[in-house]
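The values are calculated or read from the model by the stated rules, or taken from the named source; none is laboratory data. Computed from a prediction, not measured in an experiment: that's the story for all the values here. FYI the Cβ positions are ideal-geometry reconstructions off the backbone, even for glycines, and counts take in every protein chain you see.
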Amino acid sequence: MNFVYKFLSLSLFSIGSLFAIDQELAFEDPALLSTYQDLVNEIRCLVCQNQTIADSTAPLATDLKREIKSMIEQGVPKDDILIFLTDRYGDFVLYNPPLQANTLVLWATPIIFILIGVATFILILRKYTKQS
Amino acid sequence: MIPEIGQFSLIIAFFLSLTMAIYPIVGSLLNKKELLLYARPMAIGQFFFIMISFFSLAISFLLSDFTVSYVTYNSNTSLPFFYKFSAIWGGHEGSLLLWLTILSVWTLLVSLFTKKLPERYISLVLGVLGIISSSLLIFTLLTSNPFERLLLPVSDGNDLNPLLQDPAMVMHPPILYIGYVGFSVPFAFAVAALLDGKLEKGWASWMTPWTVASWVFLTLGITLGSWWAYYELGWGGWWFWDPVENASFMPWLAGTALIHSLQVTKTRGLFKSWTILLAILAFSLSLLGTFLVRSGILISVHAFATDPQRGIFILALLSLISGGALFLYAFRARTIKDEGSFDLVSRESFLLINNILLIVSVLVILIGTLYPLFLDALGMGKISVGPPYFNLVFIIPMIPLSLFLGIGMHASWKKTSLSKLINKLSLLVLLSIIFGYLILDFTFGVSNFLTLIGFILGLWIILSSISKPAEYIFSNKLKISNFTNKLWGMTVSHFGMGIFIIGVTITSTYSIETDRSARVGDSWDVGIYSFTFDDLRSVSGPNYEAQEAAISVFNGNNLITQLLPQKRIYSVQQSPMTEADIDNRLARDIFVALGEPLGDGSWSLRVQIKPLIRFIWLGAIIMALGGLISISRSLSESVRNKYD
């Protein structure tokens, strides 16, 4: 399970706007910087109306960004930071919902829909090519 | 007095629309022709009285009549004139009235421009529109009356939400609603065909201009909304997969699918029942969208419970209109037979792929949008579903869609020789890949694989679109004079789609987004540009006070512009608003927003360089233009017929 989630979250498809750079919060190491950017772009600002903490200038978001930065500098891995944040604020804080019991349907449906789509295409095509 | 006139007109309109709903449908069931004749006059009458009602509310706003509760909550005496008018749709009740007003206009247009169509069929179409209209009218009258008076008079109003005090927000809701509500027309055409029990010949052709016209408005409406969010919300993003955005995007995707399946139905007489289903789906998603946005359920499922009357009414309406249509469809779809066949490699086959991929993307967005609500309602936890999820699940169907789009345009109906198609397109594929790589490498630098794919796909769609008319110009057999408006429409729309994809790809990868603190006198660099904080001053607007920063932007030693971002405090609601200032060129935007004062004279600032972000909206506008071109002929013909 955890493997699938990691694969999905790391997959090359998760584009978004990943290039937010906080000048004051800049990192020397590009790897740390990209971890930071990934994180602030998928954490919800809880006092805002549907914004990431990267997008928000609310004091809570700024504090959280600073906190995330210091954790990264102390060498805390990304997954542990996410666990820390969900322990404090709940799953609601994650814009990228983790794969777990109550999100199983959410993550399974796109795959099921695509399979149904492919099956539908084959069935319809067979119906119309047969007629000739 | 004026609010009472408005309310009374709304009641009259309700009875007229009820008559419009009942008489034609009963008339066609009992085969009584005289009952059918009620439909058109009722459409005109309904339009007349809803207009009176709409203008009564407008006058109440313009006169700042604070005895009307809705005016009090959404306006203020110091509100500028234009915003007093647009405040009509600043809240739930007025939005519903706008919705009804637009529906009555569409209904009137249907009754005026369909004189050549079979009387029985058009009466049924108007009857279905009457069902929609009367159910929304009774909903408005019983639960969301915009004319309700206040028991105790107040001296001044609560003001319009400052976020909505913006020129784009004056335009955005009406244009979006014209699109949303316009899908009621193809819906009515489809349901009327089901009621009628037979598909009239030419049915798909009658429906097409209405569908495309609504789609054009919906496209422009969504574009305006995205543009507004970009400069007004203060964070420089153009799409957030917010439920409100998704609510408008889902009908757009379904409408796009409908336009494509209509081509198959019109040209080949195939996919008839599927086209009907899509027409039902597109409008049902519009209805769902309207209610998702307006019921308050998106903010919290508990908002639904605090006003159970409204909530239950909404569910009843959705099940009556969409459920009723689907019920009818389940009974009648079987009797609709398609005659004909096509090959694996054919236009039909590619349009089928288009439809399946678009509907898959509608469904994944629908699940992603509603899932947190269901989970919360069932007490299974509070989660967020945001951009990381939607980007992933949406981009998967979009990659094959873009790829097949370019091929499908060049496939012929029924059967295409695969080798001919390969001959025709292999050069284009090669050019897209080579130039895609080279251009990206020279301009921004190839930094990640997905960006490269996105850029190549965008270029591929553009080249494939352009080669369509080029083929007619350079061929010996084909003449460009045979390149119909419909073909031009297709070419232009798809070209716009290519521009859009390039804009999205480049902006989301190569934007530079920075937050910093600065005080007057500071200078710093972002990307190739230098910024200087020249001045900070206080400015007064008609109903707000603002702090305005003056920030000069240099490229080397050349002054490009001075940007004047503001932080406004609106006097009535005391809410701070960020007014970003943007220097826009086709190639890039320089976006500066003023954040919060940090105490020691310095301010937090958001400075962003967004390459090709204009391509996103430009692409969407070109798509809409293509739609307009494709129906320009039917539009001019129907207007000519009207006055013959």
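Given the criterion surrounded by fewer than 18 Cβ atoms within 10 Å (Cβ to Cβ), at pLDDT below 95 and under 18 Å from B:Ser511 (Cβ atoms), identify the matching residue among B:Asn641, B:Asn555.
Answer to the check: B:Asn555.
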Residues being surrounded by fewer than 16 Cβ atoms within 10 Å (Cβ to Cβ), farther than 19 Å from A:Gln100 by Cβ and facing chain A (nearest Cβ under 7 Å) - total across the range B:378-400: 0
Being within 21 Å of B:Gln263 (Cβ to Cβ) and out of contact with any Ser or Thr (no Cβ under 8 Å at 6 or more places or on another chain) is the filter; apply it to the range B:465-491 and report the residue that is surrounded by the fewest Cβ atoms within 10 Å (Cβ to Cβ). B:Asn482
Looking at (1) surrounded by fewer than 17 Cβ atoms within 10 Å (Cβ to Cβ); (2) touching a residue at least 24 places away in the same chain (Cβ under 8 Å); (3) in a helix (DSSP H, G or I); (4) not aliphatic (A, V, I, L, M), can you tell me which one B:Gly340 breaks? (3)
Filter the range A:46-58 down to residues that are more than 10 Å from chain B (Cβ to nearest Cβ) and surrounded by 23 or more Cβ atoms within 10 Å (Cβ to Cβ), then give me how many there are. 1
Selection count, the range B:245-271, where residues are aromatic (Phe, Trp, Tyr) and in a helix (DSSP H, G or I): 2
Does the range B:598-608 contain any residue that is surrounded by 22 or more Cβ atoms within 10 Å (Cβ to Cβ) and either part of a helix (DSSP H, G or I) or more than 12 Å from chain A (Cβ to nearest Cβ) (or both)? no
Would you tally the residues in the range A:83-115 being out of contact with any Leu (no Cβ under 7 Å at 6 or more places or on another chain) and assigned to a helix (DSSP H, G or I)? 19
Odd one out for B:Gln562 among (1) surrounded by fewer than 16 Cβ atoms within 10 Å (Cβ to Cβ); (2) modelled with pLDDT of 90 or more; (3) over 30 Å from B:Ile621 (Cβ atoms): (3)
Return the pair list, or none, for Cβ contacts closer than 6 Å from residues in the range B:432-454 that are crowded, with 17+ Cβ neighbours inside 10 Å to residues that are aromatic (Phe, Trp, Tyr), at least 6 apart or on different chains. B:Ser432/B:Trp460; B:Gly436/B:Phe455; B:Leu440/B:Phe455
Of everything in the range B:609-638 that's in contact with a strand residue (DSSP E or B) (Cβ under 8 Å, 6 or more places away or on another chain) and assigned to a helix (DSSP H, G or I), which residue is surrounded by the most Cβ atoms within 10 Å (Cβ to Cβ)? B:Ile613
Candidate set from the range B:359-377 (those that are in contact (Cβ under 8 Å) with a residue 24 or more places away in the chain and over 27 Å from B:His260 (Cβ atoms)); member that is surrounded by the fewest Cβ atoms within 10 Å (Cβ to Cβ): B:Ala377
So which residues in the range B:183-207 are within 18 Å of the chain's Cα centre (by Cα) and either within 14 Å of chain A (Cβ to nearest Cβ) or within 20 Å of B:Glu637 (Cα to Cα) (or both), if there are any at all? B:Val185, B:Pro186
Just checking, does the range B:360-372 include any residue being facing chain A (nearest Cβ under 7 Å), part of a loop (DSSP other than H, G, I, E, B) and within 30 Å of A:Gly90 (Cβ to Cβ)? no
Segments classed as strands (runs of 3 or more DSSP E), wholly inside the range B:493-585, with at least 2 members that are in contact with a Leu (Cβ under 9 Å, 6 or more places away or on another chain): B:512-518, B:529-540, B:544-555, B:566-570, B:576-579, B:581-584
Given the conditions (1) polar (S, T, N, Q); (2) assigned to a helix (DSSP H, G or I); (3) surrounded by 21 or more Cβ atoms within 10 Å (Cβ to Cβ), every one holds for B:Ser419 apart from (3)
If B:Thr514 meets every condition in (1) over 33 Å from the mean Cα position of the chain (by Cα); (2) at pLDDT below 90 apart from one, which number is that one? (1)
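Closer than 29 Å to B:Asn584 by Cβ and within 13 Å of the chain's Cα centre (by Cα), is that true of B:Phe217? So that I can check it myself, show each step before the final result.
Details: closer than 29 Å to B:Asn584 by Cβ: yes; within 13 Å of the chain's Cα centre (by Cα): yes.
Yes: the conditions hold for B:Phe217.
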Test B:Ile52 against the criterion of being assigned to a helix (DSSP H, G or I), free of Cβ contacts under 8 Å to residues at least 60 places away in the same chain and not charged (D, E, K, R), and give yes or no. yes
Could you check how many residues of the range B:15-46 are surrounded by fewer than 22 Cβ atoms within 10 Å (Cβ to Cβ), in a helix (DSSP H, G or I) and either touching a Pro at 6+ places or on another chain (Cβ under 8 Å) or among the hydrophobic types (A, V, I, L, M, F, W, C) (or both)? 7
Within the range A:86-102, track down each residue that is facing another protein chain (nearest Cβ under 9 Å) and closer than 22 Å to A:Val40 by Cβ. A:Gly90, A:Asp91, A:Phe92, A:Val93, A:Leu94, A:Tyr95, A:Asn96, A:Pro97, A:Pro98
Among (1) facing chain A (nearest Cβ under 9 Å); (2) closer than 19 Å to A:Gly117 by Cα, B:Asn355 falls short only on (1)
Of (1) within 29 Å of B:Thr114 (Cα to Cα); (2) away from chain A (no Cβ under 14 Å), B:Phe249 satisfies all except one. Which? (1)
Residues in the range B:558-577 that are closer than 18 Å to B:Ile609 by Cα, in contact with a strand residue (DSSP E or B) (Cβ under 9 Å, 6 or more places away or on another chain) and of a type in the set (S, T, N, Q): how many? 2
(1) out of contact with any Ser or Thr (no Cβ under 6 Å at 6 or more places or on another chain); (2) more than 24 Å from B:Leu164 (Cβ to Cβ): which one isn't true of B:Val539, the others all being true? (2)
